[in-house]
Structure formats: structure tokens, C-alpha cells
Amino acid sequence: MWWETILLALREIRRNLMRSSLTILGIIIGVAAVITMVTLGGGVTAKVTSDIAKLGTNLLLVRPGQGHHGPGGTRSTADAFEVSDAEAIALEIYGLAAVAPVASQVVQGIYGNENWSTTVMGSTNAYLTVRDWLLEKGRTFTDSENRGGKAACILGATVRKELFGGQDPIGAVIRLGKLSFQVVGLFAAKGQSSFGTDQDDFVLIPLRTFQRRIAGNTDVDRIYVSARDGMSTKKVQRDIEALMRERRHIVHGDDDFHVRDMQELLSTMTGTTRVLTGLLGAVAAVSLLVGGIGIMNIMLVSVTERTREIGIRLAVGALERDVLMQFLVEAVVLSSCGGLIGIVVGIIAAIVGAHFLSVPFVFNPGIVLISFVFSGAVGVVFGYFPARQAGQMDPIEALRHE
Amino acid sequence: MNKGTSPQTRSRPLITLHGITKVYGSGLAAMAALKGIDLIIERGEFVAVMGPSGSGKSTCMNILGCLDTPTAGAYVFENVNVEKLTRKQRALLRRHYLGFVFQGFNLLNRTSALENVELPLIYRGIPVAERRIYSLRALETVGLKGWEKHTPSELSGGQQQRVAIARAIVANPKVLLADEPTGNLDSVCSREIMEVLVGLNRDMGITLCMVTHDAHMAIFAKRTIHFLDGLIDADEQNHRV
Ligand SMILES: Nc1ncnc2c1ncn2[C@@H]1O[C@H](COP(=O)(O)OP(=O)(O)OP(=O)(O)O)[C@@H](O)[C@H]1O
Ligand SMILES: [Mg+2]
């Protein structure tokens, strides 16, 4: 009996194929939108998570100025760090893997006829450890290069491409600003960060070289601190804060520096993308609801059109329930078909979208199941009213219709 | 509703109408279509109902067929008080005991003759294979063997009415109610339909009640009732060999 009711519904839907397809368009779009949004959102979250994990989740960033400053904030008035601050952290804080003081500036790079504006960063070999950089070629700085402030540099992949094209840069001499540097190493490419910036567009030189020859001062812009695995970054953060307060003579918690924990950043970022995904999904769900109203509309038309048929069925012994079920099943079959098509469309759209946004395609079986169940439920909810109307018709009046 | 044949049940007539009235509208617009019908129909009878237009024949048939409810009066079907039944119970009574033939055929369009005939069996929950057998048999009874696959639009009026009769008898009803079954047919077709109905009454023992305007059709019945202005005007036995 159930199977027959479904067959009957399918036949009725096929009879009005054009109208049926237009009716379920709303459901198709709604389901496809929900699945695309949620799947892409999941991909973005996965990408952000892996990017931040790439930064190193044990990473802490110490910078002068306050963490969150409004317009005209206090940052500019805060004193910069010095190398001695980084040394003090390395010496006095327990449980660290590496400490890398960094200073940077945008400088013109020149090799032969090629010309490229890039960021020059002064730091030590510890920078490779804290930021997880690998060398594709060449070597890191030697002790004498670090201590003596020699003019050696390691290129990011973008700078190499812009200045050297496909050539091997190792051993070549390039100009950074007014000075000549010998290329000793080449970083392996990391690609775009999830914030859309090119991570490979920089040149690393020894910090002392940077301070003496490019900046002309002894300032350090920021200090990266990498905690050892298993160490609580919270504790390390507190220790660094205490140490820096002492060194900078701060009494009443009015810090002119801040320590940011990347783990914290990770949870903030993923939290944000989740909320965004949820919002987009909710907007898409509204279109599902609109699709449901479309189904109700067409079912009401259908019930009116088929009044005589309903009268005949009632006259030959159909119960109110039989007629109600017939129309309800029709609505549910209709909306479920829309759901199925929408799932296929949504997954295809998500694959294409993931490709264009260059985020991973993360298949989410949960949302597929939920969308399908929901589209069926839309059929039940919006099909019920027309179906009840059909069942409650008076047989004689229904037969007299037309 | 049981099909029990206790002595008491057997002694009762199949259908008893007592003081049936039907009023359409209310207040000043109230219009009495039936003004107190008393009628007894025994098992196996073939009753023709005649009367001028608007005299309440169709109204009475709809009440007999449990499609409509009287405003007042008592309707006893076997031993069941129909006017006390719920909507659902009346539907079940229709499903199991009554068959209908309408003037306008009332077949499902774009649906084959066979599927039209199967319809009442579907609601009785009879399995597909049996349904097919009963339906083919009913179509054969009305002389439509070989026309099973045709849809109503591919059949003549007479053939459509035969499909409608097959549908009405496929579930073995106790009573077959026909409201002007030949009203839309020419005299040759009408005769053929009447022969089918007479055969059903004679060979299968189905109680028949038929509305007609045509005295030539009424003489096929054993008894004729004349309606006039919402009342029964005359009730006579036909004497025909
Ligand atoms: N649904 C209705 N609402 C109001 N009045 C109705 C309704 N149905 C029937 N009537 C009235 O009841 C009266 C009897 O109608 P009915 O259809 O029973 O007549 P009839 O004897 O079958 O006529 P005919 O031979 O033309 O079919 C008529 O005057 C008709 O106008
Ligand atoms: Mg009539």
C-alpha cells in the first residue's frame, strides 16, 4: 500500500513534469545553498586551522604597545625591544624551544635588471625554528655571519622568482637598498596564508646586519617565542609578562607591550569562521523554507484541480485518511526529489567553490543528511494543509465540481 | 458492520427509510428537497425511480448511498442506523456494501479502464494480483473484454458507462445505486446498459436502485417509484415478462 502510494505520487508528478520541476526549484536551490555554504565554511575553517597550526601552535608573539589599541593607540609611544630583551627571555624563562627577535623594513631588491620591492627581516637562525621554515637549498647563517653582521641573505620563494626567474640564486650577489648581499640559502615555498598575504615575499638577513646597515638603530620590532612541546603556553605567557614588566619597570598592569598566544588566535579564528558558516547556513535555510511555501502553493492548486478525482475516490470508499496520505506523500516525494537534486548540485558547487577559493573540500555527511531530512520535513509541513483540505472535501460537492 | 445473518437481520429489509427530510440552506432561503420519505427496499429488488426534474431523486439517492446525510428521519441499512454513523463509518459502509454509477460516468481521466475498475479494491487493501483478476472479471461481466488498456477518452459513452458499472460492482456490493446511468446515452446504448444491469440483478442478486427519466428504461425494473416535489407520489410493481 505504501509502495503503491509512492508510485501513484511519482506518476502524478511525472504527469506535470514541467510544473513539478519548477515547484521543486526552490527546494533544490535551498538545499544546494545550505550544503555549499556549510561545506565551503568547513573548508575555510580547516584551511585557517592548518595555516595557524603551520605558524606553530606553541608560538608566542611579544610586541611593544598594547594588544588592542583604538584609533591613535598607544603603540607608537611604547619603547621598542632590544636584543637584550630576547636574550633575557631565552635565559630566564623555563621551557622554551627557541627565541627569535625580529626587525623588518620594506626595501628595494635588485639583481641585474630585475627589481622587486620586498620585506627584509633581520633575525637569527632561530627564526626558522619558530616559524617552521625549511630550506629548499643552501644553508642558514653561520655564527660569524650572525655575530659579525655580515651581508648574507636567505631568499623567500617569491623574491627568488621575481629576481632570478628559474636561475639558481645561491652564491649570487643582490642589492637590498644600497647594500650588496650574498645569497646563501633559499626557503621552501609556503604559499598564501589564509589572510591572503604571500608568505614567501621576504628576505632574511642576520639581525645585527639589519640593525647596523639598514635600520641604523638597535630596535627589535617583535620577539617570537616558541615553547617546548608539552609546555603550557599560558604559563610561558605569564612568565614573559612578569619578566618584561620587571625589565620595563611597569608597576600597575599598565603594560606597554603584549604577548599573544597563537593557540588563542587559532580558537578565535576558527570560532569566527564557524559563526560565519552558521549564519550563511541559516540564510540558506530560509530559502529552503521559501521553497516549502512554493510546494504548498502548487499542492493547493493541484487539490483544486483534482477535486473531481478526490470526489470519485471518496465515493468508491477512500477514507479521509487515504486521500490525505495520497496528497501528503505526493508533497513529500516532490520535496525529497528536490532535496536529492539539491544535494548533488550543492556538492558539485562546493567542489567547484573550494577549487576557486583554494580551500580543501571537506565532505560533511552530517549536513547532507540534515538537508535531506529537512527537505522531506518541508514536504510534510507544507503539504499537510493542502492534503487535509483534500481529505475533508464533501464527496457530493467534489463530484459536482466543474 | 458485520455480515452476520442472524434471524433478526434476515427478517429486516435491506433498506428502510423513515420520514427522511432534506433541507438545503437555512432561514428564508431554506428549501426542502425531501419532505418525508418512507421507503422499504428488500434484498434482490430492482427499483426504478422516476419523477420530474427537481423532485428530489438525486438527493434521495445520495442519502441512500451515504454520500449525503438527511436533515431528519431514520435510515436503517440492514441493522445499522446510518444517520448515527460518523463520516468515517459512512465511508466504510460505502467501501464495503455500496456501488455507484453516475450520470456523468465519473471515471479518472488518463487512467486505463482496468485501473479505474481496480480503484475500489485498492482501498479495500486487496493485493495487486487478486485485484487484477477481479477487475478483469468485472470488465468481462459488462462486456468490455479486450478494452482494459483504454483510457476513458478512447472509449465511447456507452463503454465508459460500462467501465463505471464494472467499477461499481467489482467489490461485490450489496446495493448498486445508479443515478441516470443512461441519461447521456442514445437508446441503443441505453438498452445495452439496461441489459447489463438486469443481468447483474438476476444473476448476481445485486439489489438495484436506478433513477431514470425514461419510461422505456423504467420497465426493465420490477418496481417503479414516482417522486413529486420531495415526496413519494406512487409506488407500483411492474408486470413484465
Ligand atoms: N447542494 C444543493 N444546495 C441547494 N439546493 C439543492 C442542492 N442540491 C439539490 N438542491 C435542490 O434540491 C432539489 C432537488 O434536487 P435533486 O437534484 O434531488 O433533483 P432531481 O430529482 O435529481 O432532479 P433532476 O431530474 O434534474 O436530476 C432541487 O430543487 C435542487 O435545486
Ligand atoms: Mg438528479
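The values are calculated or read from the model by the stated rules, or taken from the named source; none is laboratory data. Just so it is clear, the structure is predicted and the values come from calculations on it, not from any experiment. As a convention, Cβ positions derive from the backbone with ideal geometry for all residues, glycine included, and neighbour counts pool all protein chains shown. With ligands, DNA and RNA removed, areas are computed over all heavy atoms of the protein, side chains included. Shrake-Rupley method; radii C 1.70, N 1.55, O 1.52, S 1.80 Å.
Quick notes
- Every pair of residues 6+ apart whose Cβ atoms lie under 7 Å, when the first sits in the stretch A:377-402 and is more than 10 Å from chain B (Cβ to nearest Cβ) while the second is aromatic (Phe, Trp, Tyr): A:383/A:327; A:386/A:327; A:387/A:327; A:390/A:327
- Residue A:349 touching a strand residue (DSSP E or B) at 6+ places or on another chain (Cβ under 6 Å) and in the same structural domain as residue A:38 (by TED's automatic domain parsing): no
- Residues located in the stretch B:75-93, provided they are out of contact with any Lys or Arg (no Cβ under 9 Å at 6 or more places or on another chain) and within 24 Å of residue B:224 (Cα to Cα): B:75
- 3 or more residues within 16 Å of ligand 1 (Cβ to nearest atom): qualifying helices (runs of 4 or more DSSP H) within the stretch B:1-110: B:57-64
- Failed criterion for residue A:249 (all others in (1) open to solvent by 30 Å² or more (accessible area, probe 1.4 Å); (2) over 30 Å from residue A:78 (Cβ atoms) hold): (2)
- Neighbours by Cβ (under 9 Å, 6+ apart or cross-chain): first from the stretch A:1-26, within 14 Å of chain B (Cβ to nearest Cβ); second surrounded by fewer than 17 Cβ atoms within 10 Å (Cβ to Cβ) and among the aliphatic types (A, V, I, L, M): A:4/B:128
- Subset of the stretch A:105-163 (residues that are among the charged types (D, E, K, R), under 23 Å from residue A:219 (Cα atoms) and touching a Leu at 6+ places or on another chain (Cβ under 9 Å)): A:131
- Filter pass, residue A:302 being at positive phi and small (Gly, Ala, Ser): no
- Residue among A:291, A:311 that is more than 30 Å from residue B:65 (Cβ to Cβ), surrounded by 19 or more Cβ atoms within 10 Å (Cβ to Cβ) and touching a helix residue (DSSP H, G or I) at 6+ places or on another chain (Cβ under 8 Å): A:291
- Residue in the stretch B:178-201 that is within 14 Å of another protein chain (Cβ to nearest Cβ), away from ligand 1 (no atom under 16 Å from the Cβ) and either open to solvent by less than 10 Å² (accessible area, probe 1.4 Å) or free of Cβ contacts under 8 Å to residues at least 60 places away in the same chain (or both) present: no
- In the stretch B:59-109, the residues that are within 15 Å of the chain's Cα centre (by Cα) and open to solvent by 50 Å² or more (accessible area, probe 1.4 Å): B:96, B:103
- Residue ID - farthest from the other protein chains (Cβ to nearest Cβ), chosen from residues in the stretch A:294-308 that are surrounded by 15 or more Cβ atoms within 10 Å (Cβ to Cβ) and within 30 Å of residue B:64 (Cα to Cα): A:303
- Any hit, the stretch A:370-389, residues being within 30 Å of residue B:61 (Cβ to Cβ), at pLDDT below 95, within 16 Å of ligand 1 (Cβ to nearest atom) and assigned by TED's automatic domain parsing to the domain that holds residue A:34: no
- Test set (1) assigned to a loop (DSSP other than H, G, I, E, B); (2) open to solvent by 40 Å² or more (accessible area, probe 1.4 Å) - residue A:200 fails condition number: (2)
- Top-ranked residue in the stretch B:48-58 [being surrounded by fewer than 21 Cβ atoms within 10 Å (Cβ to Cβ) and not polar (S, T, N, Q); ranked as nearest to ligand 2 (Cβ to nearest atom)]: B:54
- Helices (runs of 4 or more DSSP H) lying entirely in the stretch B:130-241 (those with 1 or more residues that are within 30 Å of residue B:52 (Cα to Cα) and of a type in the set (S, T, N, Q)): B:157-169, B:187-203
- Per-region count, the stretch A:169-197, residues open to solvent by 10 Å² or more (accessible area, probe 1.4 Å), modelled with pLDDT of 90 or more and not aliphatic (A, V, I, L, M): 4
- Every residue from the stretch B:110-127 that is more than 8 Å from chain A (Cβ to nearest Cβ) and open to solvent by 20 Å² or more (accessible area, probe 1.4 Å): B:115, B:126, B:127
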